[in-house]
1. Take Lys605 and decide whether it is of a type in the set (D, E, K, R) and surrounded by 19 or more Cβ atoms within 10 Å (Cβ to Cβ).
2. Please verify whether the range 285-299 includes one or more residues that are assigned to a loop (DSSP other than H, G, I, E, B), within 25 Å of the chain's Cα centre (by Cα) and in contact (Cβ under 8 Å) with a residue 24 or more places away in the chain.
3. Could you list, in sequence order, the residues of the range 121-134 that are open to solvent by 20 Å² or more (accessible area, probe 1.4 Å) and modelled with pLDDT of 95 or more?
4. Can you tell me which condition Tyr729 does not meet? The list is (1) farther than 24 Å from Ala247 by Cα; (2) assigned to a helix (DSSP H, G or I); (3) open to solvent by 40 Å² or more (accessible area, probe 1.4 Å); (4) not small (Gly, Ala, Ser), and all the others hold.
5. For the condition farther than 19 Å from Ile158 by Cα and touching a residue at least 40 places away in the same chain (Cβ under 8 Å), what is the one hit in Asn188, Asn176, Asn205?
6. How many residues does the range 462-487 hold that are over 24 Å from the mean Cα position of the chain (by Cα) and among the aliphatic types (A, V, I, L, M)?
7. Scanning for something part of a strand (DSSP E or B), touching a residue at least 24 places away in the same chain (Cβ under 8 Å), open to solvent by less than 10 Å² (accessible area, probe 1.4 Å) and not β-branched (Val, Ile, Thr), does the range 271-284 turn up at least one residue?
Amino acid sequence: MNQFYKFKFLGLLAILFSAGQVNAQERKAPAYPLITHNPNFSIWSQTDDLNASTTKHWTDADHSLLGLINVDGNIYRFMGKEEANYKMILGTSDETPYTVNYTETEPQGDWTSADYAATGWKSGSAPIGDDANNVKTLWKSHDIWVRRAFNIANPASINDLLLKMNHDDNVEVFLNGKKVYEKAGWTNTFQYFPISKSELKAGKNIIAIHLLNTAGGRFLDFGLVDKENASAAKVQLAQQKDVEVTATQTIYNFTAGKVDLKLIFTSPLLMKDLALLSRPVSYITYSVQANDGKSHVVKVFLGASSNIAVFRPSQEVTAKKYATDKLSILKTGTVEQPILQKGADDMRIDWGYFYVAAPKASGATQFITTAGQAADAFRKGSSVSTIAKGKSLSLNTVVPFGSVGKAPVERFVELGYDEIYAIQYFNTNLRPWWNNSGKETIEGQLTNAAADYKTVMQQCAAFNKEVYADALKSGGKEYAHLCVLAYRQSIAAHTLVKSPDGEILWLSKENNSGGFINTVDVTYPSAPLYLIYKPELLQGMLNGIFYFSESGKYPHPWAAHDLGTYPKANGQTYGEPMPVEESGNMIILTAAITKAQGNAEFAKKHWKTLTLWVDYLVKEGLDPKTQLCTDDFAGHLARNANLSVKAIVGIACYAQIAEALGETETAKKYRAIAEGMVPKWMEMAEAGDHYALTFDDKNTWSQKYNLVWDKVLKLNLFPQKIYDTETKYYLTKQNKFGIPLDSRKAYTKNDWILWTATFAPTRAEFEALVTPVYRHALETQSRVPLNDFYDSNTGIRDNFKARSVIGGFYMKMLADKLNSK
């Protein structure tokens with residue numbers, strides 16, 4: 001190709017690419033927060049276009065919100081996807097009890113065929129797995145082979161055959177001897193996989209499965225379904241023009257034919273007002289205006305799934321429509337109502353009730369159908385409730401806008417959840433904060449939310465601007481964007497309750513990393529966000545741990561790791577302690593509260609316990625023995641230099657608190673101890689152009705993120721040389737998505753990177769460390785609520801999502817706030 005034509009061709013490509021980019025949705029987040037209140041009531045969109053996927057709970061279970069708009073009889077979908085209708089052919093265990101034949105010894109012969117004689121195979125009930133609390137047949141070996149026989153009368157009558165299966169992990173599936181599906185990996189919910197119905201026979205059939213365990217848990221449950229034909233009446237897709245994420249809102253703009261729709265999700269998580277923070281009500285706002293200068297008749301449909309109130313979609317629910325003086329309300333919840341009867345990581349709430357409410361003044365119509373009937377009812381103009389008890393129902397709300405012209409017309413609906421009881425705290429069931437007295441009602445909360453709508457929206461808009469402006473000033477545009485993404489996610493990983501002694505409890509769930517409640521080394525990275533906006537909430541993250549020790553329930557000279565498995569805070573369930581880690585965390589955070597509040601009253605209440613813990617650090621902290629730290633996924637480590645930093649900083653923090661309490665001699669004693677440890681640390685960790693991961697291996701390195709408190713709390717322990725040396729070295733270790741956590745592997749933690757960046761000597765170095773983290777948020781293939789633990793080369797998550805720890809992104813803002821005082 002000659003040079004002239006080459007340039008013309010490249011220019012044409014550039015124009016075409018540019019044109020394509022105009023219609024492509026610019027990515028703003030790995031997942032978009034829609035309804036965010038606590039670990040139970042947390043709904044997200046995992047695609048850039050809101051109408052490209054079903055909305056999800058943070059655990060990846062479908063929590064469907066379907067949005068349609070009718071413009072002069074033309075219907076457009078702007079949110080979620082219509083749910084498919086499945087007819088059971090061969091039930092899974094949640095639908096019907098069944099047994100299988102199985103063996104854990106590799107079978108000889110054609111074990112997948114219908115004619116195979118499974119002599120010597122065992123018989124067991126499904127599901128199969130290694131968790132005795134959730135399976136009927138225990139399997140703890142490396143492999144298992146399973147056969148299930150069934151009869152089909154008329155295969156030709158099946159419309160679209162799918163395998164319904166939940167498996168952990170690698171699986172091969174055979175139908176009548178032919179392999180129809182295989183996967184390396186696992187699922188954590190039922191998923192549907194298309195297979196050909198031509199493999200079925202009239203009469204007897206066999207599904208044969210080989211399951212291989214490679215890591216973690218074991219599980220198998222499976223069946224067959226028929227995907228029924230969708231309605232012939234199709235809807236058009238509204239065109240999403242843009243999306244914006246702010247601290248408290250996610251805002252979408254669509255074009256739906258001849259009207260424009262602005263859709264705003266508001267979870268008013270304003271920490272200065274605990275009554276508002278704890279009110280379990282979010283708003284969905286619709287603002288509609290014509291885009292052609294003419295008038296159009298418009299109505300909007302919301303279909304909210306009853307699965308928002310179940311652990312598994314197989315659970316039966318009831319639903320009803322009723323009204324108060326000012327609201328029309330839909331309500332749903334499980335028939336069973338097992339209040340606080342289970343605790344786990346991959347869990348959805350199946351007690352309490354989910355609500356959809358609309359002001360009567362809006363003229364909204366509400367009705368209940370099955371999920372499959374919901375969109376058709378809107379298309380046909382029907383508003384008749386067709387069901388009150390069943391599975392996977394749809395709570396439907398139609399909001400009329402009348403004739404809409406150039407002027408925007410605004411309406412809103414409310415989504416709420418009443419957990420009834422939110423937390424079990426040392427065997428006492430606690431109501432959510434908003435109803436601690438037991439005298440409030442969810443109807444009252446919904447009514448108050450409707451009455452406060454305009455005021456709350458104004459407060460949220462002002463707060464959104466404040467957060468962004470402060471973050472922009474502290475760290476630039478990329479940093480500000482990360483802080484905005486962190487805000488609702490971090491808060492929504494907590495629940496607010498009051499202890500039996502009247503103390504505030506702000507209890508985290510360790511999402512997707514064990515499900516532990518009130519984990520101290522999750523509180524530690526989360527803390528900066530709460531120290532800025534409501535230090536009392538950080539007290540609420542420490543109160544339970546102090547109580548656990550001071551009540552004698554945890555009789556050790558160090559702080560506990562956690563209080564149990566969410567939502568049951570009855571005592572530590574993590575397998576072993578992290579003595580230096582958690583004791584250091586508790587002392588440092590107590591000092592941070594003292595600094596943020598300008599007094600030591602909180603520390604004074606717990607002085608005896610803090611003294612016990614600091615003496616442990618003095619004894620064991622400088623050169624820690626083999627033990628776990630917060631980065632427990634990396635395994636046990638002895639002589640950990642960063643953990644040693646935590647101990648030294650913790651001792652100095654204790655001295656700082658003592659000074660604030662007027663305990664001058666105590667302050668001098670422990671300050672001298674901390675100062676005496678610093679040169680020893682430098683000597684042991686020094687490795688030329690950096691400081692080592694462990695004191696006994698100079699060929700290693702690690703992020704020393706615990707140093708940040710030396711700067712933030714103005715402890716002035718470590719010489720500037722350490723910060724200069726470490727930062728310079730880190731910048732030579734950058735990968736595409738950030739600095740690795742240490743020299744052992746490529747994985748990293750973005751919360752720790754932002755702590756490390758905070759002590760960088762210059763703004764340019766800070767931004768250089770932050771940019772790869774920003775890139776990860778916008779480019780990672782892991783489309784989940786922002787994960788904090790991932791491969792720094794690929795950006796793919798190793799584990800963890802939707803965790804509160806990204807509240808740690810606010811460390812630079814905290815440093816600036818405290819140092820400006």
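The values are calculated or read from the model by the stated rules, or taken from the named source; none is laboratory data. A quick note: this is a predicted structure, and the numbers were derived from the prediction, not measured. Positions of Cβ are backbone-derived with ideal geometry, glycine not excepted, and every protein chain shown enters the neighbour counts. With ligands, DNA and RNA removed, areas are computed over all heavy atoms of the protein, side chains included. Shrake-Rupley method; radii C 1.70, N 1.55, O 1.52, S 1.80 Å.
1. no
2. no
3. Listed by number, the residues that qualify are Trp121, Lys122, Ser123, Ser125.
4. The number of the failed condition is (3).
5. Within the list Asn188, Asn176, Asn205, the selection yields Asn188.
6. 3
7. For the range 271-284, residues part of a strand (DSSP E or B), touching a residue at least 24 places away in the same chain (Cβ under 8 Å), open to solvent by less than 10 Å² (accessible area, probe 1.4 Å) and not β-branched (Val, Ile, Thr): present.
Residues checked against (1) touching a strand residue (DSSP E or B) at 6+ places or on another chain (Cβ under 7 Å); (2) modelled with pLDDT under 95:
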| site | (1), (2) |
| --- | --- |
| Leu12 | no, yes |
| Ala24 | no, yes |
| Ala31 | yes, no |
| Gln46 | yes, no |
| Asn51 | yes, no |
| Lys56 | yes, no |
| Glu82 | yes, yes |
